[in-house]
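To start, the structure under review is shown below, and the notes come after it.
Read-outs: derived from the displayed coordinates by stated rules, not from any lab. Fair warning: this is a prediction, and the values are worked out from it, not measured in the lab. No Cβ is skipped: glycine too gets one built from the backbone with ideal geometry, and neighbour counts run over all protein chains shown.
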Amino acid sequence: MKKFLTIYLTSILLLTSNLVFAQSDRSTAKVGTTAGQFLKIGAGARSIGMGGAYAGLSNDIYAIYYNPAGLANEDGNSQVTFNHANWLADISYDFAAASINIPDLGVLFADLTSLSVPQDKVRTFDYPDGNGEYWDASSIAIGVGFARKLTDRFSFGFQAKYIREAIWNESASGFAVDVGTYYITPFNDLVIGASISNFGSKMQMSGRDLLFNTDPNNNVNSGPNNILSQYNTDSYDLPLTFRIGLSMNLIKSRYIRLTGAVDANHPNDNTEYLNSGLEFAYNEMFFVRAGYKSLFMRNSEEGLTLGGGVNYKINNQFVVMFNYGWATYGRLESVQFIDIGLQL
C-alpha cells in the first residue's frame, strides 16, 4: 500500500505541474462546444466562498460535486443539505443531497441538481410581442454514489448520474460518472484530492419542434407536397473536468483554524485554470471565507469570492449548518449562494 500511495502522490504532483503550465499552449477554440453547461456551476455556498477550491478540501456533503471520495471522511455522520442560487439572468439553480454512513461499508449518497429558466413569450417575425404561446427551459441531474476509506488516509468515491436538458418541446438526455480519490499525506496532514467529473455519453436534442412540412420541388402543382421532415441536430460531449486539489491547515489551535486550498482544473471545453481559497474558523462554529476563481483562464469574468457560515450544535446528535457565498462575474454582475444542512 505504501508503494501504491507513493506512486499515486508522485503522479498527482506531476499532473498538477502539467495543468498549471500547459494552459499557455491552448486556445479557447472549444468554448461552447459541450452540452450540460449547468453541470459546471458548482454546488455549496462554502465551496463558492472559497473560490471553488474544493477537490482537496471535500470533507462534507458537497464533496459529491467536487470529489466524491471526500464523503468517506464524514467520520460516522450522515448529512442532508439544500443549496439555492439566483443564477445569472434570473435563472434559478438548486442542489439537494443526502448521505448515510454505514459502518464497515462506507457512505451511500444521492443528489439532485436543477436549473430552470423563467417562462417567456414565444416571439416571431410576424408576432414580435408574442404569438400567445410560452416557452421555458430546464436542466436536471440525478445521481447516486458510494465512498469508502481503504486506509485511515486514503479513500475513493464515485457516482453515476442521469442528465436531462429541455427547451420548449425539445430535450436531450445522457449518463455520466464521477470518480475521485482523497489522500491525507504525512506532511502536516496535507490533503491531495483528484477527481474526474462528467465522464459519459453525448447529448443530442430531439422533439416535435424540430419537425416541419416541406415541398421537395417547391411547386405545389407537381410532385409530393407537405412531406414531413426534421431538422438534424448535432450531438455534444458533456463538460468533462479533471481536478487536482491541495488543502492544509495553515493554523490550527484549540479555537482557531485557518485552512488554505488550491485546485488545478483541466476542462475539455476551455483552458486550464486555478481556483484558490481560505477558510477561517472560530471554535468550528463561525466561519469566514475568501477565494479567487478561474485564475489563468482566458477571457474569464469570474474572480473574487467571499462567504461565511455558522454550524450550530443543537445537541450531541444534531448540527444545523448555514452558509452564504458570493461570487463576482464581472460584466455579468454577481451571484449569491445560500445553503442549509443538517448533520446527524
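Residue-wise HN-Hα couplings along the stretch 43-50, as the Karplus relation 6.51 cos²θ - 1.76 cosθ + 1.60 with θ = phi - 60° gives them from phi, are 10, x, 5, 5, 5, 4, x, 9 Hz; Gly and Pro carry x.
Which of these, Asp90, Asp136, Asp120, has the largest mean-square fluctuation under a Gaussian network model of the chain (Cα springs below 10 Å)? Answer for the Gaussian network model of the chain: Asp120. Counting only residues at least eight positions apart within a chain, or on another chain, the aspartates and glutamates with an alpha carbon under 15 Å from that of Lys202 are Glu165, Asp234, Asp237, Asp269. Against the chain, whose longest principal axis is taken from its Cα atoms, helix 2-22 shows a tilt of about 50°.
Note on Lys252: aspartates and glutamates with a C-alpha under 14 Å away, same-chain residues under 8 apart excluded, are Asp189, Glu279, Glu284.
Amide H contacts of Arg298 (H built 1.01 Å from N, in plane; Pro and chain starts excluded): Thr271 sit under 5 Å, all sequence-distant by 5 or more or on other chains. The candidate values were (1) 76, 61, 43; (2) 82, 57, 34; (3) 87, 44, 42; the one computed from these coordinates for Cα extents along the principal axes in Å carries the label (3).
Could you tell me the calculated FRET efficiency between Arg331 and Gln37, based on Cβ-Cβ distance and R0 = 25 angstrom, to the nearest 0.05? So, using R0 = 25 Å, E works out to roughly 0.85. Summing +1 for each Lys or Arg and -1 for each Asp or Glu among the other residues whose beta-carbon sits under 9 angstrom from that of Arg46 gives -2.
Listed values for the stretch 276-289 are Karplus-derived 3J(HN,Hα) couplings in whole Hz (6.51 cos²θ - 1.76 cosθ + 1.60, θ = phi - 60°), namely 9, x, 10, 10, 9, 10, 10, 6, 6, 10, 10, 9, 10, 9, and x replaces Gly and Pro.
Taken one residue at a time, the phi angles of the stretch 149-154 give Karplus couplings (6.51, -1.76, 1.60, θ = phi - 60°) of 7, 8, 9, 6, 10, 10 Hz. Gly and Pro are set to x.
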